[in-house]
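Derivation of every value follows stated rules applied to the coordinates shown; laboratory data play no part. In this text, all values refer to a predicted model and were calculated from it rather than measured experimentally. Here the Cβ positions follow ideal geometry from the backbone for every residue, glycine too, while neighbour counts run over all protein chains shown.
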Amino acid sequence: MTDTTAPDDAPRCSYCGEPFPTERLRALHRGLEHHERLDDDEREAFEDAYHDESEDLRSFRLRALAVLVALYFGFLMTYAVVAV
């Protein structure tokens, strides 16, 4: 169990009792750590949370790539102006 500080009313895993700040994180935990014990509703909640998490990560990666490309071309244009 992870040593965390969470409020008393935080969602807890029904299998190991670990607290989580959101229902989504609890669903991800249960799907990854207790997959063989899940019922159909819990498995569906895990799959939805996993899909949402995948979309968020993909969005983050695209935004990070855009920032890196903008920085690269910004430095390139600055160098071109200063070096000339």
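At a glance:
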quantity	calculated
Selection from 66, 81, 17 lying farthest towards where the dipole of the chain points positive, charges on Cβ	81
Under the Karplus curve 6.51 cos²θ - 1.76 cosθ + 1.60, θ = phi - 60°, whole-Hz ³J(HN,Hα) for segment 38-43, x wherever Gly or Pro sits	6, 8, 4, 5, 5, 5
The chain: projected area of the alpha-carbon convex hull, averaged over directions, in nm²	8.3
